[in-house]
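Okay, structure first, notes after.
The values are calculated or read from the model by the stated rules, or taken from the named source; none is laboratory data. The shown structure was predicted, so the numbers you read here are calculated from the model rather than taken from an experiment. Here Cβ is always computed from backbone atoms with ideal geometry, including for glycine, and neighbour counts include all displayed protein chains. Heavy atoms of the whole protein, side chains included, go into the accessibility calculation; ligands, DNA and RNA do not. Shrake-Rupley method; radii C 1.70, N 1.55, O 1.52, S 1.80 Å.
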Amino acid sequence: MRIPPRHLHLTALCAAALLAVGCSSPTSDNRPDDHPNGRSVGTTPSEVTAEREQWASHGVKSYEYDYTIGGGFFIVYADHPIHVVVRDGVVAAAADVETGEPLPGPLTFWPTIDTLYARAARAAEAGTLLGLRVDSALGYPTEIDLAGPPDASGSLFASNLRALP
């Protein structure tokens, strides 16, 4: 069967995506190594809640951090670091780490640390939280490993968090 030329690009893209999913896992060595002070914690709902309370105890509402979506998520920003700025608990800016260019679209797409914890909690309740790693000093999640279908599994990374005045 001959594939029409206009479909070759889409076919190649789909094949590459399937190959990438087959060759990576939430615990692969593709993860950022910039959280050496982090620690692995439990994956039950009560353990996630305890870690979230640790983060909340610091009272940090304005901060910036780098966010990376890794693994099997089929989105344009997968494995591409995004610098997120949060002011008073709300995302105020999101930019490409490499270029510094602001990202298009609604800022609500980018997570706050509280949003990351909410996602981890939902995954823990569903039994799809494979791993959780948190920063030892501030208690924010540096890695959330999720199981699920190919387009909704992988890892979420937060790094280089810095409180803002």
Exercise. How about region 102-122: which of its residues are open to solvent by less than 50 Å² (accessible area, probe 1.4 Å) and either more than 17 Å from Val48 (Cα to Cα) or without any contact (Cβ under 8 Å) to a residue 60 or more places away in the chain (or both)?
Worked result: Leu103, Trp110, Pro111, Thr112, Ile113, Leu116, Ala118
Problem set entry | Test: residue in region 79-95 that is under 11 Å from the mean Cα position of the chain (by Cα) and farther than 15 Å from Tyr65 by Cα | yes
Exercise. Would you pick out the residues in region 144-162 that are modelled with pLDDT of 90 or more and surrounded by fewer than 19 Cβ atoms within 10 Å (Cβ to Cβ)?
Worked result: Ala147, Asn160, Arg162
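Residue under question is Ser57, and the condition is that it be of a type in the set (S, T, N, Q), out of contact with any strand residue (DSSP E or B) (no Cβ under 6 Å at 6 or more places or on another chain) and at pLDDT 95 or above; does it hold?
Details: of a type in the set (S, T, N, Q): yes; out of contact with any strand residue (DSSP E or B) (no Cβ under 6 Å at 6 or more places or on another chain): yes; at pLDDT 95 or above: yes.
In short, yes.
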Seminar exercise, completed: Exactly one of Thr43, Thr99 is open to solvent by 60 Å² or more (accessible area, probe 1.4 Å), of a type in the set (S, T, N, Q) and at pLDDT 85 or above, and that one is Thr99
Problem set entry | The one condition in (1) in contact with a Gly (Cβ under 8 Å, 6 or more places away or on another chain); (2) open to solvent by 60 Å² or more (accessible area, probe 1.4 Å) that Val134 fails to fulfil | (2)
